[in-house]
Structure formats: C-alpha cells, structure tokens
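Shown next, in structure tokens, is the structure this report addresses.
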Amino acid sequence: MKKKNKKRMLAVISILLAAFCIIIAIFLLKEKPLKIKYSEFYDMVEQGEIEFVEISEEAVTFQKKEDDIVYITDNPQKEDFREFLLLHDVEVETEISISNLLYIVTDILFTIVFFGLLIFLVCKLFKNRTFRVVKHVDTSFHDVIGMEGLKKEFYQIMDVMKNPEKYKRQGIRMPKGILLEGAPGNGKTLFARAAAGESKVSFIPTKATDFESMFMAVGPMKVKQLFHLARKHTPCIVFIDEFDGIGSRRSYGHTAMETENTRIVTALLNELDGFAVNEGVLVLAATNNRKALDEALIRPGRFDRKYIVPYPDFNDRIALLTMYSKDKKLAKDIELKELARLFEKYSCAKIEVILNQAALLAERRKSEEIGQVEIMMALAEVNE
C-alpha cells in the first residue's frame, strides 16, 4: 500500500510539473510581434484598421483587419485609453504578463500542495494506525507466577469466549469487561497477554495515552475505532492499561481536558452497551486506582468482574527470585527464602530491578558473585 501511495504521489507531482513546463514553453516560444510607434498605432485606430488589441502593463499587442501579422506598441498609460479604443469599435482584451502568470501558477501550485498536505495529515491522523491486532500471542499462564485463583476463574471465561453457543443454550453470557486492580509492576499487563495467548484469540493492547490527541473529539473517535477493530477480529481480547487515565470520573467542567475526558467516558459507555450478547469481545482493563474510575463505567453489566492483583506472596517471591536469578551468580551465603522475606510487599517488577541493580553493582566492584552487600545497596538505591 505504501509503494502504491508513493507512485500516485509521484504521478501527481509529475503531471503538475509537466503542465507548468508546457505553460512556460507556450509563452517562451510564442512568435515575437512587429514593433511600431505609438503614433502609427493611433492613426490606425482613427482609421478603423484595428480589430482587437491586448493590453499588458507595458505594451499593446494588436492585429489589423484581414492581417495575420501581430504588432506591438508602447502602452500610453492613459486613463481614457481603453475608452478611446472602445469608441472606435476595437475589441479590448487584457493580457496576463509572464510575471503575473508565474505568480498565478505559483499561487495555484502552492494552494494545491498546501491543501494536499493538509488532507494527507488529516487522513493520517484519523486512519486507524493507533491500535494493532496481535494474532498470535506467545505468552501463556506458565509465564505468570502466582495469581492461581485468577487463572482458574479465567479458564472458564476463555471457554465461554471460544464456545458462546454452548453456554448460550444454558443462558450464560460472556462478561463484557474484567477489571484488574493492583499496584504497578505486579503483572497485570503480563496476565492480559497470557490470557490472550492461553485462549488463542486476537489481542489488542492499548494504554490511556493512545487516546490522547492535540485535537478535540479525537479521543472518542479512537474509542470507536478500537471497538470497530475488535469486532472485526472476534474472538478478541482488548486490553486497556492505565484505565484510570481515560475512565476517570466525569466532572462536566468547562476546560477542554474535562470536556474531552467526559466524551471519552461516554464513548466507552456506548461501546460497552453496544456489545451484543456473546459477541466475542472481552475488555480487560488494568488500574492502580479504582476509586478514580467513573462509577457508571465499572458497574455490573459493563465490567462484570473485578479482581485484585496482589503483591506476590512468600512462595511467589521465591519463584520470582529463582526465575530472575537464573542467569546471575548469587553468593553461597544468600538464601532465596531470606530474600523472599526481605522483599515482602515488593512488586514483581521491583524485585527484578533490585536483582539487576545488584548485578550491576557486583560488576562495578569486579566481583563474580552477587553478595549480601550488593543486595542491600541495590535495595537502598531502588527505595530512594
């Protein structure tokens, strides 16, 4: 498609340049007229020998009756000159000079290019390239440590998604939306990807900033584009990260930001309400601040289920430490159980960052092993 667009653009530019060159050539190759004095021209007009004239800024070009020769004389620059000619039945035309013609052509070309670029930018802005559909997700629940209860719940939801008719006969519908709430770095995004990979359905990952724009009303339009795309690729999971960034409470204020936020929330409500039963689109939304969300948006019937994604428990922390330290050499006196106790109330991401920072400190100290000193220094740096 890109190659075709480039070819079309080059063709249009070539045509415009060719037309411009032809116009210039016509004027440059035009036969030069025969120069005569103005007094001679005046006498010819008085005697009725001239049929028509072309008046330019500096000259008057004319032809005599029954004569193919083109003559030229000076423009007298008189106010009543045109009236004088008309009184003697001379047809008068105003000639466009080359300089004026170039100005007009340049102005036309500039206008064409300007509006062409404007149309191109508008099309680029509203074309649906913000969202991408991932057909095959290579992440599964085996890549997610912990969240066992959530995984069990989701297996049934996935079955409903893939076999809607089976559950429809039992009067069971698929939930429209599921809200994942938890501190940053606890694996909400990873879980969403794993859910799509496990269920082998299309996956559309988004975040709140994808709906932002410097133009008003673009946010709601992007919401419509997102769900239109999802309906084209059912069964499909739509994941919206940082959901509180676009689904916050409507304030009905008068600022542009408040107005745009209200429109986005309204668009989300309309799209969620517009789902047909068992349509095959599931919305997974992640937030770390559920209280900031609009109540109408997360009520039952729109987001039917809400799950807390907790900090990893003791056993999960041991599993995380085992995975994150797989390619790192820990000192013999470091026990994973002790580290697991030390990292209580730490997110998955934070644990990974601490171990990585400890490895960097060990390298800086020219040590082949990560010791207790590096762990504590990394812990202090991350907690600053």
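The values are calculated or read from the model by the stated rules, or taken from the named source; none is laboratory data. Note that this is a predicted model, so its numbers are computed, not measured. Note: ideal-geometry Cβ built from the backbone for every residue, glycine included; neighbour counts use all protein chains shown.
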**OP:** Name, by its number, the condition in (1) more than 29 Å from Val265 (Cα to Cα); (2) modelled with pLDDT of 85 or more that does not hold for Gly171.
**Re:** (2)
**OP:** Looking only at the stretch 39-61, count how many residues are among the hydrophobic types (A, V, I, L, M, F, W, C) and touching a residue at least 24 places away in the same chain (Cβ under 8 Å).
**Re:** 6
Subject >> Search result, residues across the stretch 304-332 that are within 39 Å of the chain's Cα centre (by Cα) and acidic (Asp, Glu) >> reply: Asp304, Asp316, Asp327
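Listed residues Lys291, Lys329; which is surrounded by fewer than 17 Cβ atoms within 10 Å (Cβ to Cβ) and free of Cβ contacts under 8 Å to residues at least 12 places away in the same chain?
Criteria check complete, one pass: Lys291.
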**OP:** Could you tell me whether any residue of the stretch 347-365 is more than 30 Å from Asp244 (Cβ to Cβ), in contact (Cβ under 8 Å) with a residue 24 or more places away in the chain and either assigned by TED's automatic domain parsing to the domain that holds Gly149 or of a type in the set (D, E, K, R) (or both)?
**Re:** no
